[in-house]
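Trainee: One structure is given below, represented as structure tokens, and several questions about it will come after.
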Amino acid sequence: MSDTGASPVAEAVSSERAVGTGVVARWAGGTFLITVSVLVLALVLGHGAQGEVPEGLPDPGPVTNWGLPILRTLTDLAGVLTVGLLLTAVLLLPSTDGQLRGLCFRAVRAAGRVALVWSVIPLGSYLLTVSDIFAVPVANALSASLLRGLFDISVGPALLAQSGLAAGVAVLSRWTLTVREGSLLLGLALAALLPPALTGHSAAAGSHSLAVVSLLVHVVAVSLWVGGLVGLAWIAVIGSGRLPYGVVRFSVLALWSIAVVAISGAVNAAVRLGSLADLVSTRYGALVLVKASAIVGLGLLGWMHRRRTMPVFTDRVRSADDGDTDRVARRAFASLAGVELTVMAMTVAVAVALSRTPPPVPDDALTSEVATLTGISMPPAPSVSQLLGGYYPDGVGLVLVLFGAALYAAGVATLRRRGDSWPRSRTVSWFTGLAVVAWSTFGGLGLYSHVLFSAHMVSHMLLAMVAPIFLVLAAPMTLALRALPGPRVPGEVSARTLLTTLLHSRLSRLLTHPIVAAGLFIASLYGLYFTNLFGALMRSHLGHAAMEVHFLAVGCLLFYVLVGVDPGPRRIPPLVRFGLLLVVLPLHAFFSITVMSAETVLAGSYWTSLNRPFSTDLVADQHLGGSISWALGELPLLIVLAALFAQWFRSDSREAGRLDRSHARRPGSAVRPDALDSYNAYLARLHAGDQAAGDRPADDPKRPPASHS
Ligand code: HEM
């Protein structure tokens, strides 16, 4: 059997397995037993198996109380395994022609089989959750009304969604033959991990957006990290010449994942713990500490990989040696990976117990109308110190800023390591843009944007019209194209190739069309505020976050078209950009004036139900918002107008300079670039001719015809 990577890269699957099937089976059995024991222990420690049945209600019974967390652990592990196998096929192992061959093809098929199992488990969880929530023994939970009843509670649809998405992965894997299709399937598998994270503790928590978003990021990072290691351990056991490429790429992914898992886990724990003391004084805190020590242990194991098992693989990649990696090195890698995976499985078990342990900050800590609508209690009246020092637990804003900062810094560091320079002004511009996003989402302004229309308008204007200017002038795409790794083997679809394809795709051509970019920008203003959409999005935590992301996205698109420095699918002449601005300016001004003069309050029921003790005149606050939108909106547009003018002027003088230079390089060349000179010479010749003609008789055939000017 051959690992047909369709390239010289290590065709052969070595006949020698690094470790025997028996060893693998014993490891899997042992890990399963240890994981279940740790789960039971953690559930006992955290009181997670008592279920959350209120006092006086019958207990659903041990089958449910123990069955639910066991099924949840199996669901998480099946999800991680599916993601891991797909990740190995499309990202870790190089393929030269975009086709999934050999071990990559087998990995996708295996992922399909695991996904099938994955899709069934949530159905079992659905039944046990009915028993748990309605406090009836499992046998009674099979009643149609109860089963339907769970569908009205968010956990019901979430479990069915997970089952459906996992089944989708299983079915589609049968038709997945290319890296591109495999990447889409990986995306679907990652999406299938998420529904349960949108219910449970985090969904009911105060600081809802932060709790939910940090858990989503946590679960995705855990799955890429643990799943990727599962995939590589499998390849190491079987043996493949492509393993070194996979290991080297995974080491970068593992570094990012451990950081993201630790930060997102800590943020999620912080939402659930009332204080640091709760870490040592509560059961929930104790389990969090167990997880924290597990991640330290995993970090150490990762370090051992870097010291012991990785050098062989790095050398192989560097020397482009495509022979199969020797069995000893593979065995060392697989053994250490085996220990690491056992620790990871145990940590997942502790995590599941944690999700069933009552947290110190009870889910229903915040019950007021304000808290239900905003996820926080009403802040004091706005003051300079509050606006500058205040904070709102906005998970989406935090993720955008943290990832934006980390990725840009990593890009600049990569160039520096290669000895390439990157303009400091661009880095400053990028971080200035991120600072504006931070203040407008989770900073003091973000806090008041949930309770005051005027503050919401400032936040909107900064996200849509100020931050984007700094972000697009920082040339993030250029940095990415320079810093992202190229193909590891000839013909591989690398991250850089993918980005280039994306930048020149039809979708990118459509979105960066000046009319489309301006249309989206203007439509967002009128379409959002003058329909019920505004009120609906203000009432939902994730809806509010989606609004913020939308403002930033359409702003970046418009300002990329107007003043962007990154390469793109089309060159837009300064004059067109100028014209575009002259269209957007008045439309934006008209929007602001309409808001300023409106007597009806936009999303009135939302602001009324907040019943805030300050700025009680809603219309006055709206008028203030409108005038701020006008002032804050026009200013950046005017700055851009000036920048465009400068760019236009510069491009003109650049063009003139270019013509001069090429003229200087090729004096008298057939193609006389200096049109003016040659035209003058032509006129001089004509004139000379006329002179001479004057001297020739009228019928002389050489006498030229009279001119039309
Ligand atoms: C600093 C280390 C870590 C901290 C502070 C942490 C914290 C948390 C918290 C607070 C939750 C939410 C629990 C709830 O719903 O109340 C969680 C969920 C989770 N964690 Fe971690 N974690 C850490 C490391 C890890 C590691 C290393 C792994 C796996 C290798 C992991 C796997 C998971 C999983 C799978 C879930 C979702 C469980 C479920 O709801 O099904 N975590 N973590």
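The values are calculated or read from the model by the stated rules, or taken from the named source; none is laboratory data. Just so you know, these numbers come straight off a predicted model, no measurement behind them. Positions of Cβ are generated from backbone atoms using ideal geometry, with glycine treated the same way; all protein chains shown enter the neighbour counts. Heavy atoms of the whole protein, side chains included, go into the accessibility calculation; ligands, DNA and RNA do not. Shrake-Rupley method; radii C 1.70, N 1.55, O 1.52, S 1.80 Å.
Trainee: So between residue 684 and residue 500, what do we pick up on full extension, going 0.36 nm a residue minus the alpha carbon distance?
Mentor: Additional length available on full extension: 61.1 nm.
Trainee: Please report the spacing between the Cα centers of the stretch 80-121 and the stretch 452-526 in Å, no decimals.
Mentor: Here the two parts' Cα centres lie 30 Å apart.
Trainee: Could I ask something else about it? Quick check for you: with a 1.4 Å probe and neighbouring chains kept, what is the accessible area per residue of the chain, in Å²?
Mentor: 46 Å²
Trainee: Another question about this same structure. Using helices alone, I'd like the mean residue ellipticity at 222 nm for the chain: each DSSP H run of four-plus residues gives -39500 (n - 2.57), total over residue count, nearest 500.
Mentor: Dividing the helical sum by the residues of the chain leaves -23500 deg cm²/dmol.
Trainee: Of all accessible surface on the stretch 56-199 at a 1.4 Å probe, what whole percent is carbon and sulfur?
Mentor: C and S atoms contribute 72 percent here.
Trainee: Arrange the peptides 105-113, 141-149 so that the one whose residues have, on average, the most other Cβ atoms within 10 Å appears first.
Mentor: Per-residue Cβ counts within 10 Å, averaged per peptide and sorted highest first, yield 105-113, 141-149.
Trainee: Cβ neighbours within 10 Å, averaged per peptide: list 275-282, 241-248 in order, most packed at the top.
Mentor: Those peptides, ordered most packed to least, come out 241-248, 275-282.
Trainee: Please give the charge dipole size of the stretch 219-355, origin at the Cα centre, charges +1 on K and R Cβ atoms and -1 on D and E Cβ atoms. Round to the nearest 20 debye.
Mentor: I would put it at about 100 debye.
Trainee: Right, here's the next one. Peptides 420-432, 533-545: what's the order by average Cβ count within 10 Å, highest mean first?
Mentor: The most tightly packed comes first, giving 533-545, 420-432.
Trainee: Once neighbouring chains are kept in place and the probe is 1.4 Å, which whole percent of the accessible area of the stretch 390-659 is contributed by carbon and sulfur?
Mentor: So the carbon and sulfur contribution to the accessible surface is 73 percent.
Trainee: If you don't mind, there's one more thing I want to ask. Might you report the magnitude of the Cβ-based charge dipole of the chain about its Cα centre, with Lys and Arg at +1 and Asp and Glu at -1, to the nearest 20 debye?
Mentor: Charge dipole of the chain: 2280 debye, to the nearest 20.
Trainee: Output the relative contact order of the chain, whole-number percent, from Cα pairs under 8 angstrom with separation of 6+ residues.
Mentor: 13 percent
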